[in-house]
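Before any comments, here is the structure.
The values are calculated or read from the model by the stated rules, or taken from the named source; none is laboratory data. The shown structure was predicted, so the numbers you read here are calculated from the model rather than taken from an experiment. Glycine also receives a Cβ, built like all others from the backbone with ideal geometry; neighbour counts cover every protein chain displayed.
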Amino acid sequence: MPAVLGTITIGQAPRPDITPIIDAHVPADIAQKHVGVLDGMTAEQIAARYAPRQRERRLITRLLDGSAVELDAAAVETGVQLKLHALEDAGCTVILVLCTGVFRGLRTRRAWLVEPDRILPGLVAGLAGSRRVGVVMPLTLPIDGERRKWSTLQIPPTFAVASPYAAGNDQVSTAARDVQRAGASLVVLDCFGFTAQHRDAAAQASGLPVLLSSELMARVTGACLHGG
């Protein structure tokens, strides 16, 4: 069976801010299928089905018109699982979830599922060693939940908040400086909405190495597809 890459955004596909990053690390001859949990839905339909119900379990994403929307994480999990089945039925052999949020119990029947929340913390922990990591989050979320996500780090990280969907890079630059001043030696931009421009702004503001989560996951996914 030829390799086919499927991607799922929790917003609406395609994602012009993410697909160029994926294309840079996936073999050019690999067919790709991109879907979104909110595809074809109006603002009213999105609000009725996915409006946040629990403050501590929210996600943020982008719609086709470029606007951002916050969603209930539990409801999104159901939508992602339905899209996983659809992509498998369409012949996808590797499926990447375009979100670094924590999902519970996602599963595929045959396809190789790449879940960023299961991979990024361990990867960053291996790179950081005993250095403190600064995590830039897209939303203000309870720190206890974020600490559980990053519990593989040798020492607790420091956190800051910046939306990748806000105009300009000022929020990201400020967040990067904040974690640097709090003792971070490495910055992680913990959302697929962050782009190379955000990474460059964070690096310039902090003087630290900056890891772009979407690029790391694109590299991992591309490795799964080479020779496939």
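Do we find a residue being surrounded by 21 or more Cβ atoms within 10 Å (Cβ to Cβ) and either of a type in the set (A, V, I, L, M, F, W, C) or touching a strand residue (DSSP E or B) at 6+ places or on another chain (Cβ under 9 Å) (or both) anywhere in segment 139-149?
The answer is no; no qualifying residue exists.
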| said: Just to be sure I understand, how many residues within segment 59-79 are over 12 Å from V102 (Cα atoms) and out of contact with any helix residue (DSSP H, G or I) (no Cβ under 7 Å at 6 or more places or on another chain)? | reply: 12
| request: Specify the residue that is farthest from G79 (Cα to Cα); the eligible residues are those in segment 1-49 that are in contact with a strand residue (DSSP E or B) (Cβ under 6 Å, 6 or more places away or on another chain) and hydroxyl-bearing (S, T, Y). | output: T7
| request: Those residues that are surrounded by fewer than 20 Cβ atoms within 10 Å (Cβ to Cβ) and touching a residue at least 12 places away in the same chain (Cβ under 8 Å), I need them from segment 181-199; list them, please. | output: A182, G183, S185, A196, Q197
| message | For a quick check of your reading of the model, give me the residue pairs whose first member lies in segment 103-124 and is closer than 22 Å to R58 by Cβ, whose second is surrounded by 16 or more Cβ atoms within 10 Å (Cβ to Cβ) and acidic (D, E), with beta-carbon atoms closer than 6 Å and at least 6 apart or on different chains. | response | F103/E77
| task | Inspect all residues belonging to segment 79-93 and state whether any of them is modelled with pLDDT under 95, in the same structural domain as Q32 (by TED's automatic domain parsing) and of a type in the set (V, I, T). | result | no
| said: Can you report the number of residues in segment 187-228 which are more than 13 Å from L96 (Cα to Cα) and either assigned by TED's automatic domain parsing to the domain that holds I30 or not charged (D, E, K, R) (or both)? | reply: 25
| request: List every residue pair whose Cβ atoms sit under 7 Å apart, with the two residues 6 or more apart in sequence or on different chains, where the first one lies in segment 17-30 and is more than 12 Å from G222 (Cβ to Cβ) and assigned by TED's automatic domain parsing to the domain that holds D65 and the second, anywhere, is surrounded by 13 or more Cβ atoms within 10 Å (Cβ to Cβ) and among the aromatic types (F, W, Y). | output: I18/F192
| task | Would you check if V94 is in contact with a Cys (Cβ under 8 Å, 6 or more places away or on another chain), within 28 Å of L211 (Cβ to Cβ) and β-branched (V, I, T)? | result | yes
